[in-house]
Amino acid sequence: MHQLSQYAAATTPADQPGLLAPDTSGMNFYRADPALTDLLRIHLPDALFRHVEPHLDRLGGLAGGHLDECARLADRHVPELHQRDRFGRDVQWIEYHPAYRELERAAFGEFGIHAMSVRKGILGWPETYPVAAKHAFTFLFNQAEFGLGCPINVTDGCAKLLSRFGDDALKARYLDGLTQTDMSKLTQGGQFMTEKEGGSDVGKLTTAAVREGDHWRLSGEKWFCSNADAEVVMLLARPQGAEAGTRGVGLFLMPRRLDDGSQNHYRIVRLKDKLGTRSMASGEIKLEGAITYAVGRLDRGFVQMAEMVNSSRLSNGVKSTALMRRAHHDAMAVAQGRVVFGQRIIDLPLARRQLMKIMLATEQALSLSFLTADALDRAEAGSQDAAALLRILTPTLKFRATRDARKVCGDALEMRGGIGYVEEFATARLLRDAHLGSIWEGTGNIVALDALKRAVGRHGADAALAADLHARLDDCASVPQAWRDRLRALTDRAIGFAREVAARADNEAESRRATSLLYHVASAVTLAWESGRIHDMRGDARRLLLSRLVIDHRVTASDPFRLAENSAERTIADHLLGERAVGMAEVGELVLAA
Ligand SMILES: Cc1cc2nc3c(=O)[nH]c(=O)nc-3n(C[C@H](O)[C@H](O)[C@H](O)COP(=O)(O)OP(=O)(O)OC[C@H]3O[C@@H](n4cnc5c(N)ncnc54)[C@H](O)[C@@H]3O)c2cc1C
């Protein structure tokens, strides 16, 4: 494998035995994650699981080594915008570090993550992949590199939008490039919505579209354009004379190059100097009569784009989960490898509590990522119930997982001590990247309002969530009845509270709390359901312990003056921080212990 620097070799812990804690260098992120394997075995048909596993194993190894090194370099050597070529022609181009190019080659060329759910035949599988399988690749790749996660996802989203709403001529022209794994033919995608006037309030956008024969000319300015030099961009603009607000907004496809090979009539004015995702170019773009093509019905532009936004929100949830898993691995490596006051960190009670918090949020997010991906797969197969479930799960996952990632990555950084704050270790980059998840594709407030006002208030999608969670509780007979009853009651309370909040405009300020409760209860039920399945597969019921911890620490209000930790909780931590499988009888007793 081509080595871009000697960095990884120089930092292996063997160079400094016992002095500083090791990091995750050289770890295989697939092999280090038995929960991922378990959930894949639950959610994928057996033949597909057997097909993807060797590929995930390979990606897991690369993500823990070579790709991680590329990510570190690409984060340091950020993209640079050039206005002219060396012959003095006014041709704009962005220069990327070779490490970023290598990340692109792996994601788009070798694994084809962007094309998996659109094009048949990727990695030798004769069909397209279910979203649950694709996001296993997203999850592993993003543990190394989060910045490129955006271009992968928007390329996927553009292809889906085009195949769903584009006319035949447009598809014939652009679909192949968006789903190519041959790097010389690949045309990456972009999604430009945000303007200075409005990111959340997209209906205020001022970019104007004027018809000219078979195409439209666009004038205006886009304020946040990730993957700024994308060859195929989906964007929103207001056709001349259309009404105000989101109803008057159309969806357009904008190619970077015109038929004669010249650049389309828009300029990248500058690149943003960002806190995180520094490897990837986000720019400001001036549209100066750019040639574009209408996609789908002009008066449905916003609704159509919302499909891309929703699948990006799921992707965001998965990517934030990836950051948490990486942070979790790092924290465990430190806790097991560093000795303080004569003891390993992992053996100290207060540190164990911190590790459990990191683990809990990570596992919740992993479970709900799979639940949401599975709902999307079933919705696309035609299930109305799954479509309703998806409507509420997507913003709920996006809201809580992206927020938890900020805290988890910060806590893992602190576990490494002062050196965790230094850019030489991945922890600083993880923390910077983690802060983006809850901003793009809808800030925390916007997605919480989406879950409460739209999904619950307008669509009544809470009924689908309640039905799904109850069905899962019926479907895990090996889990103690008393725990399932408790979860059933809490599910009903969380749904009831969400309805109450959604019912009145003056309850709006409670939307975030209500969304968090839905998330926590849904994850506690899902963890219990998974524990039954995993126990059947390989005799390990420990995920049920996480279900109890979710209820104890994230749902139930505790008395701050009560000593919270008891012997049951200490035993739970021992089991979860250890590696031994534990059967349902022992786990069941612990879950029901006071
Ligand atoms: C690195 C990066 C890359 C990005 N890439 C892209 C891209 O490729 N394409 C793209 O289109 N956009 C992109 N964005 C833009 C991003 O999606 C927007 O910044 C985001 O949606 C917020 O919009 P805004 O910046 O206009 O903030 P505003 O909408 O002005 O929000 C400001 C604050 O007001 C709050 N707020 C807004 N409405 C409400 C409400 N009703 N109730 C309560 N609070 C509210 C928000 O939660 C937020 O805290 C990117 C942003 C970043 C940081």
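So what's the convex hull volume per residue for the Cα atoms of the range 266-313, in Å³?
Hull volume normalised by residue count: 115 Å³.
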**Message:** Per q in 0.10, 0.16 Å⁻¹, report the Debye log10 I(q)/I(0) for the range 203-357, using one uniform scatterer on each alpha carbon and no solvent.
**Reply:** -0.53, -0.92
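On average over all directions, what projected area in square nanometres does the chain have, based on the convex hull of its Cα atoms? Don't skip to the answer; put the middle values down first.
On the way: hull surface 109.9 nm².
Spelled out: convex hull of the Cα atoms, projected over all directions, averaged, 27.5 nm².
Rounding to the nearest 20 debye, state how big the charge dipole of the range 115-248 is about its Cα centre with +1 on each Lys and Arg Cβ and -1 on each Asp and Glu Cβ. Intermediate values should be presented prior to the final figure.
Values: 15 positive and 16 negative charges, 45 e Å.
With only Lys, Arg, Asp and Glu charged at Cβ, the dipole is about 220 debye.
Which chymotrypsin sites (Phe, Trp or Tyr not before Pro) does the range 103-140 hold that lie in a coil by DSSP with at most 12 other beta carbons within 10 Å? It would help to have the intermediate numbers written out before the result.
Details: sites: Phe108, Phe111, Phe137, Phe139; in loops: Phe111.
Sparse-neighbourhood loop chymotrypsin sites (Phe, Trp or Tyr not before Pro): none present.
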**Asked** Which of the chymotrypsin sites (Phe, Trp or Tyr not before Pro) found in the range 312-411 are in a DSSP loop and have at most 11 neighbouring Cβ atoms, other than their own, within 10 Å?
**Response** Phe341
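Beyond 21 Å, what share of the Cα-Cα pairs of the range 185-280 is found? Please give it as a whole percent. It would help to have the intermediate numbers written out before the result.
Numbers: 1576 of 4560 pairs.
Percentage above 21 Å: 35.
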**Asked** Hey, any idea what Rg/Rh is for the range 79-221, computing Rh the Kirkwood way over Cα pairs?
**Response** 1.00
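If you place +1 on the Cβ of every Lys and Arg, -1 on the Cβ of every Asp and Glu, and leave all else neutral, what size is the dipole of the range 352-488 about its Cα centre, to the nearest 20 Debye? Before the final figure, lay out each step's value.
Working: 20 positive and 18 negative charges, 106 e Å.
Here the size comes out at about 500 debye.
Run the numbers for Gln240 and Ser163: contour at 0.36 nm per residue of separation, minus the present Cα-Cα distance, in nm.
Between Gln240 and Ser163, full extension yields an extra 25.1 nm.
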**Request:** In whole angstrom, note down how far apart the Cα centers of the range 502-548 and the range 112-134 are.
**Result:** 29 Å
**Request:** Measure nothing fancy, just the Cα-based angle from helix 301-337's long axis to the longest principal axis of the chain, in degrees from 0 to 90, nearest 10.
**Result:** 40 degrees
**Message:** Within 10 Å, at most 14 other Cβ atoms, and a DSSP state outside H, G, I, E, B define an exposed site. Report the longest part of the chain free of exposed trypsin sites (Lys or Arg not before Pro).
**Reply:** 298-503
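For the residues His215, His55, what sequence is obtained by ranking on other C-beta atoms within 10 Å, fewest first? Please report the intermediate quantities before stating the final value.
Details: His215 16, His55 21.
Neighbour counts put them in this order, fewest first: His215, His55.
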**Prompt:** Angle between the Cα long axis of helix 511-538 and the longest principal axis of the chain, 0 to 90 degrees, nearest 10?
**Reply:** 60 degrees
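Anything over 18 Å Cα to Cα? Flag those among Lys134/Lys407; Lys134/Lys319; Lys134/Lys160; Lys204/Lys274; Lys319/Lys407; Lys171/Lys222, in the order listed.
Details: Lys134/Lys407 26 Å; Lys134/Lys319 12 Å; Lys134/Lys160 14 Å; Lys204/Lys274 25 Å; Lys319/Lys407 15 Å; Lys171/Lys222 25 Å.
Result: Lys134/Lys407; Lys204/Lys274; Lys171/Lys222 exceed 18 Å.
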**Request:** Would you calculate the separation in nanometres between label points at Glu589 and Ala509, each defined as 7 Å from the Cα along the Cα-to-beta-carbon direction?
**Result:** 4.8 nm
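At 222 nm, what value in deg cm²/dmol follows for the chain if DSSP H runs of at least 4 each add -39500 (n - 2.57) and the sum is divided by all its residues, to the nearest 500?
Values: 19 runs with 303 residues, N = 594.
-17000 deg cm²/dmol, from helical runs alone.
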**Fill in**
quick shape note, the range 432-591: Cα extents on principal axes in Å, largest first -> 47, 36, 34
**Prompt:** If you take the charge dipole of the chain about its Cα centre, with +1 on Lys and Arg Cβ and -1 on Asp and Glu Cβ, which of His43, Ala244, Thr396 is farthest toward its positive end?
**Reply:** Ala244
**Prompt:** Taking every pair of alpha-carbon atoms in the range 106-169, what share in percent sits in each 10 Å bin, from 0 to the bin with the longest distance?
**Reply:** 21, 54, 22, 3
**Prompt:** How far is helix 481-503 tilted, in degrees, relative to the longest principal axis of the Cα atoms in the chain, given as a value from 0 to 90 rounded to the nearest 10?
**Reply:** 40 degrees
**Request:** Please express the shape of the range 283-387 as an equivalent ellipsoid: the semi-axes are the square roots of 5 times the eigenvalues of the C-alpha gyration tensor, given largest first in whole angstrom.
**Result:** 44, 21, 8
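Please tell me the relative contact order of the range 417-557 in percent, rounded to the nearest whole number, where contacts are Cα pairs under 8 Å and at least six residues apart. Numbers along the way, then the final one.
Details: 122 pairs, mean separation 31.3, N = 141.
Reported as a whole number, the value is 22 percent.
For the chain, what is the relative contact order in percent, using Cα pairs closer than 8 Å and at least 6 residues apart in sequence?
Values: 1054 pairs, mean separation 65.8, N = 594.
Contact order relative to length: 11 percent.
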**Request:** Would you mind ranking Trp93, Trp529 by Cβ crowding within 10 Å, fewest neighbours first?
**Result:** Trp93, Trp529
**Calculated from backbone phi, Karplus (6.51, -1.76, 1.60) coupling profile of the range 189-202 in Hz, x at Gly/Pro** = x, x, 9, 10, 10, 5, 10, 4, 5, x, x, 5, 8, 4
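Determine the relative contact order of the range 402-483: mean sequence separation of Cα pairs under 8 Å and six or more apart, normalised by residue count, in whole percent. If you can, show how the numbers build up before the last one.
Details: 38 pairs, mean separation 18.2, N = 82.
Result for the range 402-483 is 22 percent.
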**Asked** Running Debye on the range 363-470 with equal point scatterers at the Cα sites and no solvent, what base-10 log of I(q)/I(0) appears at q = 0.12, 0.16, 0.20 Å⁻¹?
**Response** -0.50, -0.75, -0.98
**Message:** Would you report the distance distribution of C-alpha pairs in the range 28-68 as whole percents per 5 angstrom bin, up to the bin with the largest distance?
**Reply:** 6, 26, 29, 22, 11, 5, 0
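Taken together, the values in this text are just the output of simple stated rules run on the coordinates, not laboratory data. Given the structure is predicted, the values throughout are model-derived calculations rather than measurements. As a convention, Cβ positions derive from the backbone with ideal geometry for all residues, glycine included, and neighbour counts pool all protein chains shown.
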